[in-house]
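Trainee: Sharing a structure below in structure tokens format, with a few things to ask.
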Amino acid sequence: MTEARLLEVEDLRVTFRTPHGPVEAVRGVSFSLGRERLGIVGESGSGKSQTGRALLRLSARNGRVSAKKMVFDGIDLTNASERTMRRIRGARISMIMQDPRYSLNPVVKVGDQIAEAYRIHTGASARKARDRAMEMLETVRIREAGKVYDLYPHQVSGGMGQRVMIAMMLIPEPDVLIADEPTSALDVTVQMQVLALLDDMVRERGMGLVLISHDLNLVASFCDRVMVMYGGRVMEVLEAGRLHEAQHPYTRGLLNCLPSLEHPQHMLPVLTRDAGWLEEAR
Amino acid sequence: MIEVENLTVEFGRGAATVRAVRGVSFTVAQGESYGLVGESGSGKSTVLRAIARINPEFGGTIRVNGTPLTSKRSRDEARRMQMVFQDPYGALHPRHTVDAILREPLEIHRVGDKDRRIKAALSDVGLGPEFRFRYPHQISGGQRQRIAVARALILEPEILLLDEPTSALDVSVQAEVLNLLKRLQRERGLTYLMVSHNLAVVAHICERVAVMNRGRVVEELTASTLRGGEPAEAYTRQLVSATEGYDREAVRGYVTYE
């Protein structure tokens, strides 16, 4: 699965300067990504989103990113110029953000936003871009694509906005897609349909997918491998199918505290955290 | 305790009318937990908001303790029926301390012995007295939701309307809040009407569940039938399948139910 490494990250750290002193959001994360589906799971504040953003140099201004190694397809991302980064972002590594309401331009028709993404990265004609955008809307299972094309972001529902975002990110056919909670605003059935779409991109085009999520069961059923994060650190990396055999007490705690349809319990076990999990392995 | 008969809720007029709830009926016994599940737009929250009269216009009848509800809610009804909202940040006044948030219902309902009640309400939801003079932004999401539960319970209501009370929380915090809701219900014999899109959460708290789609109840079933995986309706079976995780083959077969 990992014969062709798309991404290699070693000892990634993201630190934010704040009025209360530095906050270490990501503390020494290492992983690699092949043409596969890698899930990053963790609770809020675990550093999973910051890991994704750091790859594209999208950390907030007060953040400092450092890594021993951060390589994408032979390109060193730690030293890449802004110019190189602009050529990578969107075209080769794309990112789907969690909330379409903040990520879409409110005064541009959604179809035109998708077409723009295509034109910028391919230099295609306006007409060709419009056709491709229309096709893409159909690919993300939007009914009446012709009608939706001319809507503004405030006129579409959250689920539809999210599919528009996904269309926009997939239209340049990136090598790597970082999806930060791409489906958590969607209904379960739509969520599964969107995942099937991402699945197709991995299977048919050999795209590498990083799926960032708080939903353990979802990730376990969808991904090839799962990386569990807590407090900016990687607790363990597992084969997704074996998530339920996880050894780390944090992963076990997360799994146990979920209510389940199959295993009813009167009271849910509450997760107890161990300060030792945050200590750096020497 | 709660009887809902042929409830309808419409928004807008003329051709733009949206029929959010279309003839929903169910009853909830005293001390029971009843769940409404469905996807967005199914009308589940609208049912709850009609009962709370946040949407005062509705058709059909809603009876609580045998008394039909009118579009204006009386003070006495408000005391007996309280609501907990989804977003614990939006539901708490950002410039009020926890003390002021918990004091307000006592003042509105002219209940005495306020200080003792506020301290007791905090300890009931597992928070120490040190939280009393903090602001919502100074406490975590789970603690905020505990404050929202404390505020709902401070008037000693009989019924709690719960609108996605844990969907904004991390799973470990969700477990704590769900345990809290279970414990409080057992201790006080509360009646719960809970809305959620999460089947596992609803099955955990509720004995009976109504599955809604497009403003209608598709089927009513017990939590154990839901767990057993043999609901009568295809819509419910699809919902259960999607909840259980990603299955490439199953997804191909998904259909949209109108």
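Trainee: Using the structure shown, decide if B:G229 is within 24 Å of B:N6 (Cβ to Cβ) and among the small types (G, A, S). Full working, then the answer.
Mentor: Working: within 24 Å of B:N6 (Cβ to Cβ): no; among the small types (G, A, S): yes.
No.
Trainee: Now for a separate question. Among the residues of region A:36-76, count how many are within 14 Å of chain B (Cβ to nearest Cβ) and surrounded by fewer than 16 Cβ atoms within 10 Å (Cβ to Cβ).
Mentor: 1
Trainee: Condition first: surrounded by 20 or more Cβ atoms within 10 Å (Cβ to Cβ) and part of a strand (DSSP E or B). Can you find one or more residues in region B:225-236 that meet it?
Mentor: No.
Trainee: Looking at (1) in contact (Cβ under 8 Å) with a residue 60 or more places away in the chain; (2) surrounded by fewer than 22 Cβ atoms within 10 Å (Cβ to Cβ); (3) part of a loop (DSSP other than H, G, I, E, B), can you tell me which one A:V237 breaks?
Mentor: Result: A:V237 passes all but (3).
Trainee: I'd like the full set of residues that are assigned to a helix (DSSP H, G or I) and within 11 Å of chain B (Cβ to nearest Cβ), limited to region A:200-220.
Mentor: Going through region A:200-220, the residues assigned to a helix (DSSP H, G or I) turn out to be A:200-205, A:216-220.
Listed by number, the residues that qualify are A:D200, A:R203, A:L216, A:N217, A:L218, A:V219, A:A220.
Trainee: Scan region B:211-224 for residues that are more than 13 Å from chain A (Cβ to nearest Cβ) and either at pLDDT below 90 or part of a strand (DSSP E or B) (or both) and jot them down. Show your work before the answer.
Mentor: Here is the first cut: in region B:211-224, the residues more than 13 Å from chain A (Cβ to nearest Cβ) are B:215-220.
B:R216, B:V217, B:V218, B:E219, B:E220 - these are the residues of region B:211-224 that are more than 13 Å from chain A (Cβ to nearest Cβ) and either at pLDDT below 90 or part of a strand (DSSP E or B) (or both).
Trainee: Can you tell which of B:V149, B:V177, B:V125 is buried (at least 20 other Cβ atoms within 10 Å of the Cβ), closer than 22 Å to B:E104 by Cα, within 15 Å of the chain's Cα centre (by Cα) and in contact (Cβ under 8 Å) with a residue 12 or more places away in the chain?
Mentor: B:V149
For (1) more than 30 Å from B:R252 (Cα to Cα); (2) modelled with pLDDT under 95; (3) basic (K, R), each residue gets a yes or a no:
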residue	(1), (2), (3)
A:K68	yes, no, yes
A:R101	no, yes, yes
A:R130	no, no, yes
A:M136	no, yes, no
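Trainee: While we're on this one: Among the helices (runs of 4 or more DSSP H) lying completely within region B:27-117, list those that include at least 1 residues that are closer than 14 Å to B:I2 by Cα and among the β-branched types (V, I, T). I'd like the intermediate steps shown before the answer.
Mentor: Values: elements: B:44-51, B:75-80, B:98-108.
Qualifying helices (runs of 4 or more DSSP H): B:44-51.
Trainee: Ok, one more. Any idea which residue in region A:141-156 is modelled with the lowest pLDDT, counting only those that are surrounded by 14 or more Cβ atoms within 10 Å (Cβ to Cβ) and within 14 Å of chain B (Cβ to nearest Cβ)?
Mentor: A:R141
Trainee: Anything in region B:226-239 that is within 11 Å of another protein chain (Cβ to nearest Cβ) and either of a type in the set (V, I, T) or free of Cβ contacts under 8 Å to residues at least 12 places away in the same chain (or both)? List them, or say none.
Mentor: If the condition is that a residue be within 11 Å of another protein chain (Cβ to nearest Cβ) and either of a type in the set (V, I, T) or free of Cβ contacts under 8 Å to residues at least 12 places away in the same chain (or both), then B:G228, B:G229 are the ones that fit.
The values are calculated or read from the model by the stated rules, or taken from the named source; none is laboratory data. Since the structure is predicted, the reported quantities are computational estimates derived from the model, not experimental observations. FYI the Cβ positions are ideal-geometry reconstructions off the backbone, even for glycines, and counts take in every protein chain you see.
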